[in-house]
Amino acid sequence: MTRKALARQWQWGCLAVSFLTRLPVRVHGDVTPQALGRCHRWFSLVGALIGLALALVYWGLVQVLPVSIAVFMTLGLSLWLTGALHEDGLADCMDGLGGGQTVAQRLAIMKDSRVGSYGVLALVISLVGRWLLLSALAQQDTMLVMMALLTAHALSRGLAAFMMGMLPYLRCDGDSKVHALTGHQRLEDRIWLIGVAALVAVFSAGVGSGILLLVVTALSGLVLYGWLKKQLGGVTGDALGAVQQITEILLYLVLVMVHA
């Protein structure tokens, strides 16, 4: 790989970090529409790095705190680290799908900055559900929680990025942050997404559990693809946030069922 190609990959990686986290990452070079459209190839890797950071923090906290409190504080850190990007999307998506009767109504509700009852309930279920599931894993083994954080964050973000190229993007307004990411997805980008996700799952969870989690992620993607296609006919940034949150919770649930 040439020096120019490496610099391009580094730029795409920094863009992915700046999009998925609130870390002050410096992006070198001109940020072109093509660069924005290609950076999502690294979403699985950035998800893995987020999960790794959370796993290390959890390991440190659990040395001095009860496991339930350590899990609670780790979840709080995840909200800060990501700016609650996906949680915000989940709430808006549930408000739109729960309160709208037509696609136009659903999209209008999702764009409203106010949070309704469906959104609040979805956030409560998401946060409490993750806390309970990770706490259940923590009762078994600290390493299980660390593995779950690393793997679920990588696979769920990889699936959300993959979904960008599977359904048409519905918001073409200029203030949409996700719109720029949806125009240049290529087969090569999807291979990187899947490849990184597979490597993370297998090396973190082991071959058997890793393959199981990959299969569960794929099944989650199929179900959510059909659901979003029926309800919206495409995706929005909010819908992609819901994909990430639902898949993350589902992966934790599967791990609890396997290791209970």
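For the range 1-105, what is the Kirkwood hydrodynamic radius in Å, using each pair of distinct C-alpha atoms? Value: 16.2 Å, from the Cα pair sum.
The label point for TRP10 and the one for ALA260, both projected 7 Å from the Cα toward the Cβ, are 4.8 nm apart. Mind checking the full-extension length gain between LEU127 and ARG3? Use 0.36 nm per residue of separation minus the Cα-Cα distance, one decimal, nm. Taking 0.36 nm per residue and subtracting the Cα distance, the gain is 40.3 nm.
Within the straight-line cut-off of under 14 Å between alpha carbons, the aspartates and glutamates reachable from LYS111 are ASP88, ASP92, ASP95, ASP173, ASP175, ASP238, sequence neighbours fewer than 8 places apart in one chain being disregarded. Taking a quarter of the surface of the Cα convex hull of the chain gives a mean projected area of 13.8 nm². Counting neighbouring beta carbons within 10 Å and listing from fewest to most, the residues THR142, THR82, THR217 come out as THR142, THR82, THR217. Under the criterion of Cα pairs below 8 Å and six or more residues apart, the relative contact order for the range 45-259 equals 32 percent. Remark: the VAL103-TRP227 segment gains 43.4 nm on full extension, using 0.36 nm per residue and subtracting the alpha carbon distance. Once the chain from TRP80 to GLN140 is taken as fully extended at 0.36 nm per residue, the excess over their C-alpha distance is 18.9 nm.
Taking the number of Cβ atoms within 10 Å of each Cβ as an exposure proxy, the fewest-first ranking of SER44, SER204 is SER204, SER44.
Work out which helices of the chain, taken as complete DSSP H runs, extend at least 20 Å along their axis over the Cα atoms and score a mean Kyte-Doolittle of 1.0 or more, then list them.
The qualifying helices are 43-62, 67-82, 117-140, 142-164, 187-205, 207-231, 237-259.
Read-outs throughout are calculated quantities, based only on the coordinates presented, and are distinct from any laboratory measurement. This is a predicted model, so every value here is computed, not measured. Every residue, glycine among them, receives a Cβ derived from its backbone with ideal geometry; neighbour counts consider all protein chains shown.
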